[in-house]
Every structure is written in structure tokens, then in C-alpha cells.
Amino acid sequence: MAKTGKPKEMEGEVYYPSEQVIAQARLKDWDALAEKAGKDLEGFWADEANELEWYKKWDKVLDDSNKPFYKWFVGAKTNIIHNAIDRHLKTHRKNQLALIWESEDGKTERTFSYFAMNREVSRMANIIKAMGVQKGERVTIYMGRVPEIVFAMMACAKIGAIHSVVFGGFSVDSLQGRIDDSNSKLVITCDGSYQNGKIVELKAIVDESIKRCPSVENVIVVKRVGNPVVMESGRDHWYQDLCALPIANGKCVTEVMDAEDPLFILYTSGSTGKPKAILHTHGGYMVGTYSTLKYVFDVNDEDRWWCTADPGWITGHSYLVYGPMINGVTTFMFEGGPSYPYPNRWWQCIERYGITIFYTAPTAIRGLMRFGESWPNKHDLSSLRLLGTVGEPINPEAWKWYHRVIGKETKPIIDTWWQTETGSFMITPTPVVPLKPGSGTRPFFGQEAEIVDEEGNPVPDNTEGYLTLKNPWPAMLRTIYGDDERYVKQYWSKFPGRYTTGDSAKRDSDGYYWIIGRVDDVIKVSGHRLGTAEVESALVSHPAVAEAAAIGLPHDVKGQAIHTFVMLRTGFSPSAELAEELRQHVSTHMGPIARPEDVKFVDKLPKTRSGKIMRRVLKARAQGLPEGDISTLEE
Ligand code: PRX
């Protein structure tokens, strides 16, 4: 990709796709398709849906008669697994690799063709059914990055159960809240997982969590690390033992689902209160993840696709599991992290497996940049043809390093903006779109974004405002599971008729969007989405803490880091030891990713007259910035 300087028609620094990239791209004329989709949204999505298989086609593409409860492909019958696995078995893809996995220590490689995926997923599906799980019931999955997590998710989908994956880096309180809210009767876990050579005791965390979860009847435990675990007779079952039973055969009929039937819930942090269960469906999510991955990363059967996200986050759901398999590509999954035992671990995997498309997060790039170019330069990265980024704004410095050192200045960087709620890419280039470092460029086909002020009026170009989306899209969340009211309030009330993203952004005069960050109390730590409320409630569960506030402040590698302010109960006094104990307390209860960067002891917290903590004021003070409107401030 050549940087051809500043052409007169575009502002800022622009990187144009090379002729080779354009020649390779399946979609050469971005503008034509954007225009077509803009004129006929339903027609565009119907064409996309028609590329997939349905047991029965839809009566109506989009039903918007009960906004904001949009429905897609109404009346259609399908199952996402039919398109992600079953249909491939009738084609040459049957014996192509669906999944390649490598262990953290690099000593084990496991591969599964689409044929083998069908066998493994069917086997797990039969086991889940034998545990009494019925269509529409929830199953919590809390595992490390092993192939069985993919089987578990897909097995639930296959039988019409709703999976709820909880990131394996979360701990007792986070897991307990999510199991309880979803009312899961089955939990699927591992004895433990590896993290940088150490063992995370997943089963022990499950045991502790479900003491307070009466809904759980059975726990399936996949043996991975071989650490000692307590198995409660009648409740806990080793997966490997279940696999030896006759019920666990590799044949299972895929359940026929309505397009609008729930596929999964995924908890994510919002502005207030406890995490929300974002609900996605079989039909729309299937079409959305299929189509976006096809156009945006231009995937084809020869690709070896690597999305480094954990399956416990939406990126893992949409673009490690479902999107790639619906597209029939080979997806690579790595158990470990980027720099253990050495910072060449990822580059080694790219070389070893001939990865062609690599999709990761800015925080990882910034982290790896620190180790210098010599690590990637030890490896042959020439198999790569496209690079991607997601999760937080990418600073131009990291973009340029990624482009130069990993992409050898010839591979486009696809910066995809989207959310747990959107299910699929929303603002993103395709390989043929000219790039500007730090911008996700323009909305995906059929979408229109608008930046508005507090009253909902569009703001002029190059002015910061609230990022809103104007059109419905197939992979959009349908609701917050069990809380329709909160769904309406959270996403559709501030600016009626449009989806509120919770982000602030600017648009430049070329129509390119630049994400600035969250406008609510969501903190993005290393691309992981956490809520201030969860961190605060973990802190106040400690006997020494009377009140607590958490904010996110800029951090060179993590993007944002958690800083906390704590008011102690009488009888406790501030000390470095207590601060450390509180950080550890949050880590134990919520998970290591939520461990605060620091704990400051304070005598008072800025609050509104109604008692709400003014985190914005804390944030401004910590950064030495003006405090803004403090007319309602009371300390
Ligand atoms: O603030 C935006 C940021 O991540 C938020 C969504 O977080 P989550 O639901 O965890 O999903 C992350 C992966 C899809 C958004 O509201 N974000 C995500 N992608 C980008 C981004 N910010 C800037 N650029 C991106 N490419």
C-alpha cells in the first residue's frame, strides 16, 4: 500500500491501496455498493442472506413496526450452525481445516476439519442435551482458550440453547452475577487454564461462584491442565468421561430455529449498575457476521484467519467462531498471550501457520512495540495480506508501526469500529478504501452514522459529538435479556429513533469518522470493557471501604487504566499495605483485568445533590483539567 502524499481531494495523511490489493479484492467498487445499499437497505441485506442456506426463507426482511424492537428475516427458519458447519459438509470444504489450535507452550497442535467440527460439536450437543438442557435455556461457558470452548458454544447453538460465555479472566463475583442473572442450569468449564505459564483455577472459581447460584444443576469440566479439583458427585462431570458414553456420539440433528430465536447472551458493562446481557439471534447475527467478514476482510477459502480475541468477548464470538466458519475459512486460535515466554510468540505463530489475515487490538500492538522490531523481524511474515484492529482507538504511532514493521508498508490496516451490541462491524474500511491512521473510515454498507450534540442536532464536520447510528442492521442486539425497558432507555431514548452508541466521535470533511472514546462510565482496559460500577462494588465489598469511585485515565499501553478513590470506614486508616490489599481484593473478586492501577484514600467524594458520584470531576482533577459545570457539586 503506497502512501502517495496528500491528494487535493482528501485531508490529512492518506494511505492508498496498492494495485495489487485492488486486484485481489473481491469488491472493487466500494462507492457503488454503498450507494446501492443506501438506496435499498432491505434489498442489500436480502441479497446477502440469499448467499446462505435457510430451511425456510423469510416473509419479510425487516419488520420495524414495533421500534426499537426490530426484527430481521421474519418468518424464516434457520440455525447458524447449519451455515457455519452443516452446509460445508456438502462441498469441498468438508475436508478443509475449520480450526487450528496451538497450546500456550507451543508443544501441542490440534486441527479440525469441517467434518471433524461437526463430529465434535454434535458430540458436545448430545452431552448438553443429556444434561436436560432444552431449547431456549441458558448455558454458562467459562473456559480457557481451548477448542472445546468453540465446541461448547456451537453445540448450544446447534440444539437451540442460549450460550452465555463469561471471559475466563473474570473471577468469582463477575461469574456468579452472570450465572445467576441468566439462570443457567448448566455450566461448562475447564479444570484450569494457562496464563503466561501459570494456572488459573477455573473450576475452583466455578465452585465458589455457584455456592450462591441455585439454578445450576450440572457442571461439565474439560480436563486441560490436570490440576487437582474437587468434583461434587452427581453435579460435576469430566467431559472426557462423558465422551466415552454412548450418548456422546458424533451425530446430532441441528435444531430448526426461527430467525429471531435467541442465539446467545453476552454480558457487557454499561454506564450504570450491573452488567447487561446483550441478546443476539440466529438469523440476523448470522447474516451480519457473514457479510461483514466477507467484504471487510475479503476472506476466502485459501485464507488462514487469526483473530486474537478471546471467545469470551464479542470479537471472539463474531470473528473467531461464527463469522469465519460461516464463511468457510480456516481459523486459528492460540491458547496463550503475545509475549510469553518471549515477545515473538504471535509472530512465530503467523510464520508457523502461514496466517494471511491478522486481526488484533491496539493495546497488543502498543505492548509489542515496546519490545522493538527485532522480535517480529526474526520471522517470515510474508504470508500476511491484511491486518486488522479493534477495541479502542488506535493511536497513529501504533498504526504506523503495525503498518511498517508487521505489514511491510504493503498491507492495509482495517480499523473496525463496533460493539458487543452491534454484533458486527459498523464503521470500517474494506481493503480498497484509502486509509487514514486512527480512523475507521466510513459506515458499513446500509448504515449511516451521525454525530449530534446534546439536543440531537447534527454537529458540523470536525466537531466532537455523540456518535449515533441511523439505520437498523441485521446483527443488532434485540434487547437486554430480561430487561426490555433498560434496552429502550439505554440505547434509544437519548436520541429517539436512533441508536446511541455511548461513544463520542468526530467526522472529517472527507466523511471519515474518528472515535474519541466513551461518554459514559465504561472503561476500556487493554480493550476489555469494564464498568466503573462493578469495580466500585467490588471495592465496597471489602470491610474497610465505606465508599469508592473508579475512573479510567489514559495509559500508554492499556489505553486506559483504572484509578480508584476510596473513603474508609471509621476504625481503618490509610496505608500502602491497605491500598495493595484493596487492589488484590478487586482482582480476586472481579478478575485480574480489573485490578486498579492505584487506590487513593480520600475524605470526601464529589457528588451531585442526589448523591451520584461525579466521576467526570474526579477525572478532570486527576488530569489537571477544568472541572466543567459543577453547579450541582456537593462533597
Ligand atoms: O468505545 C468503542 C470501542 O469499544 C467499545 C465497544 O466495546 P465492546 O462492546 O467491548 O466491543 C469491542 C469490540 C467490538 C466502543 O463503544 N471501540 C471498539 N472498536 C473500536 C473502538 N474505538 C475506536 N476504534 C475502534 N476500532
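The values are calculated or read from the model by the stated rules, or taken from the named source; none is laboratory data. What you see is a predicted model, and the numbers here were worked out from it, not measured in a lab. Cβ atoms come from the backbone with ideal geometry, glycine included; neighbour counts cover every protein chain shown. We work out accessible area using only protein heavy atoms, side chains counted, and drop any ligands, DNA or RNA first. Shrake-Rupley method; radii C 1.70, N 1.55, O 1.52, S 1.80 Å.
At a glance:
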item	result
Probe 1.4 Å, accessible area per residue of the stretch 360-472, Å²	32
Cα shape, the stretch 1-135, gyration tensor, a/c 1.5 rule	oblate
Options GLY502, PRO574, MET131, ranked by Cα towards positive dipole end of the chain, top entry (Cβ charges)	MET131
Gain upon complete extension [ALA622, SER587; 0.36 nm per residue less C-alpha separation]	10.3 nm
Size of electric dipole in the chain: Cβ of Lys, Arg +1 and of Asp, Glu -1, about Cα centre, debye, nearest 20	880
From phi via Karplus (6.51, -1.76, 1.60), per-residue ³J(HN,Hα) for the stretch 221-235 in Hz, x at Gly/Pro	10, 8, 7, 10, 9, x, 6, x, 9, 8, 10, 7, 4, x, 9
Helix-derived mean residue ellipticity, 222 nm - over the chain, DSSP H n ≥ 4, -39500 (n - 2.57), to 500	-7500 deg cm²/dmol
Long-range HN-HN contacts of LEU568 with modeled amide H, under 5 Å	ALA546, VAL602
Length-normalised contact order for the stretch 403-549 - Cα pairs under 8 Å, 6+ apart - percent	17
Cα gyration tensor shape for the stretch 524-625, rounded if a/c is under 1.5, else prolate or oblate	oblate
The chain: C-alpha pair distances exceeding 49 Å, %	8
Amide H contacts under 5 Å for THR479, placed H, 5+ residues apart	LEU279
Of all accessible heavy-atom area on the chain, the percent that carbon and sulfur account for (1.4 Å)	50
For the stretch 123-185, alpha-carbon Rg relative to the globular expectation (2.2 N^0.38 Å, N residues)	1.07
Dipole in debye (nearest 20) - the stretch 465-621, about Cα centre, beta carbon charges: Lys, Arg +1; Asp, Glu -1	620
Full-stretch length increase - SER103, GLU634 - with 0.36 nm per residue and alpha-carbon distance subtracted	185.8 nm
Pairwise FRET efficiency - ARG609 versus ASP484, Cβ, R0 = 30 Å, nearest 0.05	0.45
Ordering of 152-159, 300-307, 260-267 by burial proxy (mean other Cβ atoms within 10 Å per residue, highest first)	152-159, 260-267, 300-307
Mean separation of Cα contacts under 8 Å, 6 or more apart, over the residue count of the chain: relative contact order %	13
For the stretch 260-361: relative contact order, % (alpha-carbon pairs under 8 angstrom, 6 or more apart)	24
Accessible area in square angstrom per residue, the stretch 36-88, 1.4 angstrom probe	44
For PHE73, distant residues with modelled amide H under 5 Å away	LEU62, ASP63
Stretch gain in nm, segment VAL256-GLU11, where the contour uses 0.36 nm per residue and the Cα spacing is subtracted	83.1 nm
Mean accessible surface per residue for the stretch 480-560, computed with a 1.4 Å probe while every protein chain stays in place, in Å²	38
